[in-house]
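Some notes on the structure that comes next.
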Amino acid sequence: MEYITLNNGLTVSQICLGAMMFGSTVSREDAYAVLDAYVAMGGNFIDTSNNYAHWAGTGDESETLLGEWLRDRGCRDKIVLATKVGFDRHGVGAGLKKEQIEYWCDESLRKLGTDYIDLYYAHTDDMDTPMEETMEAFESLVKKGKVRVLGGSNYDTWRFSEFNSMAKEKGCTPYTIMQQRFSYLNCRLDMKPNYIFNENVGRERLRYLENKDIPLVAYSSLIRGAYEDISRLPENYIGGARFEVLANMAKEKGVTNSALAVAWMCNAHRMKGFPRVIPLFSSSNVAHFTANCAGADLVLTDEEMTILTNA
Ligand SMILES: NC(=O)c1ccc[n+]([C@@H]2O[C@H](COP(=O)([O-])OP(=O)(O)OC[C@H]3O[C@@H](n4cnc5c(N)ncnc54)[C@H](OP(=O)(O)O)[C@@H]3O)[C@@H](O)[C@H]2O)c1
């Protein structure tokens, strides 16, 4: 797995490992096995949140397990650790107010057993708190050395852009990474997402990110394993001809559908209209995870990229 140096100074592997269900529905043993396999393949970019996975437990499980794993393996300095603040836990605590950001950052540091977070995301926008308050709270964490760089997730593009314009004016730290739902297959535009900002990335957002040279960390990028079993495709996604093109090419190349979807995402920046995409996915199963990560090392010709992109 190759590394990419981003213009915010972080050097990350091409794949980001999602730890959302680690310690709740994914057992400690399975989580450790996937984490170890990821590092053995050259992975260094791990994603969690202050509320993972509260719907399956308390919301402390993922960060706590990661903190234990980092301590057990003694590898904190080798990992680019991303966590988040802003979503609720059991229906309470959502928001990006100063006291929420300060409280949850300290909680994340405590659970993760570290004194700094490499990448701290606003997990979702908070339209009820002045943006200036959120920005100043984040800035103070950066100044104290608790956080290295910032990202925004589940933001409308115009709000993300407004944050960065204000950050420029005030000399504050901007959002240098966007994390949003994205994959090779597209979502239906006639169905609203479960949550207002929880939508798939569309073309305009891709062009914005390309223009500003902001990488897209693509969450849920393997769509619950649907590339291996299309009957798992949620009803708000479109399979159809685009899926057939991918599946046929995967067969010809002798690779799995998931690996080819990952390869397309890793290479998307070669196509006009796409930013650098970093696929973020997870698994409880080392064999699945290793096969999916193999996509990062697949070579795709310009012709193959064009066929896949235009399908
Ligand atoms: N910012 C946000 O709001 C947000 C929202 C959601 C998620 N995320 C992040 O994104 C990460 C990934 O999200 P996700 O878990 O929703 O999506 P995902 O990684 O695309 O899907 C994970 C599911 O796919 C299955 N899978 C993967 N490869 C498979 C294979 N080869 N064959 C069969 N099944 C396979 C896994 O099952 P097995 O365990 O059996 O492999 C697992 O159930 C999370 O951990 C989190 O860090 C962020």
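The values are calculated or read from the model by the stated rules, or taken from the named source; none is laboratory data. The structure displayed is predicted, hence computed values, not measured ones. Reconstructed Cβ throughout: ideal geometry from the backbone, glycine too, with neighbour counts over all protein chains shown.
Numbers for the structure displayed
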{"item": "Criterion (surrounded by fewer than 18 Cβ atoms within 10 Å (Cβ to Cβ), in contact (Cβ under 8 Å) with a residue 24 or more places away in the chain and either within 11 Å of the ligand (Cβ to nearest atom) or closer than 25 Å to residue 49 by Cα (or both)) met by exactly one of 204, 235, 228", "result": "228"}
{"item": "Residues satisfying the stated conditions in region 188-218, i.e. touching a Lys or Arg at 6+ places or on another chain (Cβ under 9 Å), in a strand (DSSP E or B) and at pLDDT 95 or above", "result": "216, 218"}
{"item": "Only one of 77, 30, 60 that is acidic (Asp, Glu), within 12 Å of the ligand (Cβ to nearest atom) and out of contact with any strand residue (DSSP E or B) (no Cβ under 7 Å at 6 or more places or on another chain)", "result": "30"}
{"item": "Qualifying residue in region 47-67 (condition: surrounded by fewer than 16 Cβ atoms within 10 Å (Cβ to Cβ) and either under 22 Å from residue 216 (Cα atoms) or touching a Cys at 6+ places or on another chain (Cβ under 8 Å) (or both))", "result": "no"}
{"item": "Criterion: among the hydrophobic types (A, V, I, L, M, F, W, C) and touching a Leu at 6+ places or on another chain (Cβ under 7 Å) - qualifying residue of 37, 33, 19", "result": "19"}
{"item": "Which listed residue, of 25, 5, is free of Cβ contacts under 8 Å to residues at least 12 places away in the same chain, more than 17 Å from residue 70 (Cβ to Cβ) and surrounded by fewer than 21 Cβ atoms within 10 Å (Cβ to Cβ)", "result": "5"}
{"item": "Selection count, region 150-162, where residues are closer than 25 Å to residue 45 by Cα and within 16 Å of the ligand (Cβ to nearest atom)", "result": "9"}
{"item": "Members of region 163-187 found to be of a type in the set (D, E, K, R) and more than 18 Å from the chain's Cα centre (by Cα), listed by number", "result": "168, 169, 170"}
{"item": "Qualifying residue in region 267-288 (condition: more than 22 Å from the chain's Cα centre (by Cα), crowded, with 20+ Cβ neighbours inside 10 Å and touching a residue at least 24 places away in the same chain (Cβ under 8 Å))", "result": "no"}
{"item": "Which numbered condition residue 175 fails, given (1) over 24 Å from residue 143 (Cα atoms); (2) within 16 Å of the ligand (Cβ to nearest atom); (3) aromatic (Phe, Trp, Tyr)", "result": "(1)"}
{"item": "Exclusive hit being modelled with pLDDT of 95 or more, of a type outside the set (A, V, I, L, M, F, W, C) and closer than 25 Å to residue 24 by Cα, set 257, 285", "result": "285"}
{"item": "Tally, over region 266-311, of residues that are within 16 Å of the ligand (Cβ to nearest atom) and part of a loop (DSSP other than H, G, I, E, B)", "result": "5"}
{"item": "Subset of region 239-259 that is in contact with a helix residue (DSSP H, G or I) (Cβ under 8 Å, 6 or more places away or on another chain) and assigned to a loop (DSSP other than H, G, I, E, B) - its residue that is surrounded by the most Cβ atoms within 10 Å (Cβ to Cβ)", "result": "256"}
{"item": "Leading residue by the ranking (nearest to residue 155 (Cα to Cα)) among those in region 105-124 that are within 16 Å of the ligand (Cβ to nearest atom) and out of contact with any Asp or Glu (no Cβ under 7 Å at 6 or more places or on another chain)", "result": "124"}
